[in-house]
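Trainee: Before I ask anything, let me first share the structure, which is written out below as structure tokens.
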Amino acid sequence: MEKEFTPKIVGFLCNWCSYAGADLAGTSKLKMPPSLAVIRVMCSSRVDPVLVLRAFLRGADGVLIAGCHPGDCHYEKGNYYARRRFALLKSVVETLELDSERLQLSWVSASEGPRFQQVVTEFTEKLKKLGPNPMQEKTSM
Amino acid sequence: MKGAILKIENSIEKTIIEFLKKGLDKKLFDALLIPVKVPAGDSYAWVLVQDKALLEDANPLPPVMSVQGAKALSSITRRGKSNKKIAAIMRPCEIRASIELSKLQQIDLENICLVSIDCPGALPLKDYLEDTKKGIDTFKKVIKEWGNESVRPICQMCDKSVGLSIQSDLHIGILGAKNNEIYLIPSSQKGKSILEEIGIPAEESTDNWEKKTKEFVETRKKNRKKAQSTLSEKVMGLDNLLETFSNCINCHNCQSVCPICYCRQCYFESEKMKLSSDDYLIRAESKGILRFLPDTLLFHIGRMTHMSLSCVGCGACEDACPMSIKVAQIFSMVGDKSQKVFNYTPGKSIEEQLPLKVYEEDEFHEVEKP
Ligand code: SF4
Ligand code: SF4
Ligand code: SF4
Ligand code: FES
């Protein structure tokens, strides 16, 4: 029998909200999809689009950026800048006709353990439908 | 819009030089930044000149763009304003790049007078260098026919090379002028007072220039659309991208000549891109095969995310690519799209803020996944 495809997700989580939310999901023993690799960043605005591309071009099936809800950023406005950068990244990836559906930006607060679970689960489901990232096999460069 | 009219004597180039000399005489500016033929005679270099006598070989509209003018201006003023007044005579894409660089704090425009010129395009550097005599003749034809097919592909689709969209202090209008005339059109107080001091106040109608340049821009817009849709079919999508960049030799020429890529330390040349052999071996194993030098696509797409919002489509990158990759055409197409997302036109105005430096609280909800 063929093994079920488990999408690999790289998640950039901001220290103050989403990382804490993920932590809460963990300590609350919420059931999580198995392959989320978490990278903790101090703020969602730290995520240079190049970091996302690095994961994406290497073959990560999905890349998630998660930060505090707008208005709640620990540094006041980081996530507003992050949203603009993400809009730019999306546009570049779309123009190049690559799979921009594999990139996601979500807001998760420190108290939203169940929400974090939901975001990751839904993203995983979506990626399952999309199948493995073709970058993995196709590109050697 | 009003302008002054100059009678052409000898040639357009010489007429402009004579005008600039008057500006030097009257101390309206202390120096010029202008392309001058190199001693070997086969190319052009930016020169900062204070001495009129040295303007013999200067050319405000050279057949090629060897160094992007904004880069030259940036080397002069990135540490702070010039203490003397400099008039910089540049092509419109060089003016636009200068405005972007001033927003990026790499150019200080105080004491700089930007002089732009209607541009019919530039010849590909490679073509020109192969036979410079022929190149000079070819370029004469280019001016006569205003931007024919000998100019670089990126120039053939440039829709900002003439007309009102150019934000300099003083603009030299060629299109739509009578056979033996050119226009001098001020677009700032600086430009206006220069004309007044020289004794040719802007009082003549420039209607014909406005009309002709508008028509020209319309044609170019159509060219651009057509060229981009052809390009898109060949370049976009993973397979096409891989093929397009498969010739890339990772020399990073495209990045180092780009006026917008000003970073003292480029991310793609930093330690962050130098990984351990284990990392490469793991990737080789999981991909089955790994090409070296590595991370070519990451370099190009990453660079697009860094600078495409300010890409002025000047073609410097493409001229510098030893592998004839259509870098400028690709980057400026990606740039067009991302600029549209932010309703931003690089180099259009000094007041318009760089899109990544500002935000609104209520926007771009379509990119968030609730
Ligand atoms: S590619 Fe990015 S890091 Fe490199 S010089 Fe350009 S903007 Fe700077
Ligand atoms: S990417 Fe190329 S076309 Fe765009 S500004 Fe840089 S050098 Fe000019
Ligand atoms: S100049 Fe050409 S060959 Fe060199 S890195 Fe850029 S695209 Fe590749
Ligand atoms: S600290 Fe969480 S988004 Fe800025």
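Trainee: Add -39500 (n - 2.57) for each DSSP H run of 4 or more in the protein assembly as shown, then divide by its residues: what number comes out at 222 nm, to the nearest 500 deg cm²/dmol?
Mentor: Using -39500 (n - 2.57) per qualifying helix, the result is -12500 deg cm²/dmol.
Trainee: In addition: How many percent of DSSP beta bridges within the protein assembly as shown run antiparallel, rounded to 5?
Mentor: Antiparallel: roughly 40 percent of the beta bridges in the protein assembly as shown.
Trainee: What shape does the range B:279-370 take by its C-alpha gyration tensor, where a ≥ b ≥ c are the square roots of the eigenvalues and a/c under 1.5 counts as rounded, a/b above b/c as prolate, and the rest as oblate?
Mentor: In terms of gyration-tensor shape, oblate.
Trainee: On to the next question. In nanometres, what is the gap between the two model label sites at B:Gln189 and B:Asn247, each 7 Å from Cα along Cα-to-Cβ?
Mentor: 5.2
Trainee: With the other protein chains left in place, how much accessible area per residue, in square angstrom, belongs to the range B:94-189 at a 1.4 angstrom probe?
Mentor: 39
Trainee: Take chain A, mark every one of the GluC sites (Glu not before Pro) that falls in a DSSP loop and has at most 16 other Cβ within 10 Å, then report the longest stretch left between them, sites excluded.
Mentor: It runs A:5-96.
Trainee: A further question on this structure: Mind listing which trypsin sites (Lys or Arg not before Pro) in the range B:176-237 are in a DSSP loop and have 11 or fewer other Cβ atoms within 10 Å?
Mentor: Passing sites in the range B:176-237 are B:Lys178.
Trainee: May I ask which of B:Lys27/B:Lys133; B:Lys7/B:Lys214; B:Lys37/B:Lys274; B:Lys141/B:Lys222; B:Lys7/B:Lys326; A:Lys126/B:Lys225 have a Cα-Cα span longer than 30 Å here?
Mentor: B:Lys27/B:Lys133; B:Lys37/B:Lys274; B:Lys7/B:Lys326; A:Lys126/B:Lys225
Trainee: Can I ask one more? Taking only C-alpha pairs under 8 Å that are 6+ residues apart, what is the relative contact order of chain B in percent?
Mentor: The value is 18 percent.
Trainee: If a/c stays under 1.5 just call it rounded; otherwise compare a/b with b/c (prolate if a/b is bigger, oblate if not). Do that for the protein assembly as shown, with a ≥ b ≥ c from the square roots of the Cα gyration tensor eigenvalues.
Mentor: prolate
Trainee: Here's another thing I want to ask about it. In Å² (nearest 100), what accessible area is buried between A and B, both sides summed, heavy protein atoms only, 1.4 Å probe?
Mentor: Protein heavy atoms only, the A-B interface buries about 4200 Å².
Trainee: In degrees, nearest 10, range 0 to 90: what is the angle between the Cα axis of helix B:189-198 and the longest Cα principal axis of chain B?
Mentor: 30
Trainee: What whole-number value in Å² describes the accessible area per residue of chain A for a 1.4 Å probe?
Mentor: Value for chain A: 44 Å² per residue.
Trainee: Now for a separate question. How much of the DSSP bridge set in chain B is antiparallel, in percent, rounded to the nearest 5?
Mentor: Looking only at bridges with both residues in chain B, the antiparallel portion is about 60 percent.
Trainee: Still on this structure: Hand me the GluC sites (Glu not before Pro) from the range B:150-245 located in a DSSP loop with no more than 10 other Cβ atoms within 10 Å, in residue order please.
Mentor: Filter output for the range B:150-245: B:Glu203.
Trainee: For B:Ile182, what accessible area in Å² do you get when you roll a 1.4 Å probe over the heavy atoms of the protein chains, rounding to the nearest 10?
Mentor: In the full protein context, B:Ile182 sits at about 0 Å².
Trainee: I would also like to ask the following. Which of rounded, prolate, oblate describes chain A, given a ≥ b ≥ c as roots of the alpha-carbon gyration tensor eigenvalues and a/c under 1.5 marking rounded, otherwise prolate only if a/b is larger than b/c?
Mentor: Note, shape of chain A comes out oblate.
Trainee: Still on this structure: Which percent of the accessible area of the range B:2-218 is formed by carbon and sulfur heavy atoms (probe 1.4 angstrom)?
Mentor: Looking at the range B:2-218 in its full context, I get 48 percent from C and S.
Trainee: When only DSSP loop residues count, what trypsin sites (Lys or Arg not before Pro) in the range A:1-73 have their Cβ near at most 13 other Cβ atoms within 10 Å?
Mentor: A:Lys3, A:Lys29, A:Lys31
The values are calculated or read from the model by the stated rules, or taken from the named source; none is laboratory data. Because the structure is a prediction, the values reported are computed rather than measured. Here the Cβ is made from the backbone with ideal geometry for all residues, glycine too, and neighbour counts use every protein chain on show. We work out accessible area using only protein heavy atoms, side chains counted, and drop any ligands, DNA or RNA first. Shrake-Rupley method; radii C 1.70, N 1.55, O 1.52, S 1.80 Å.
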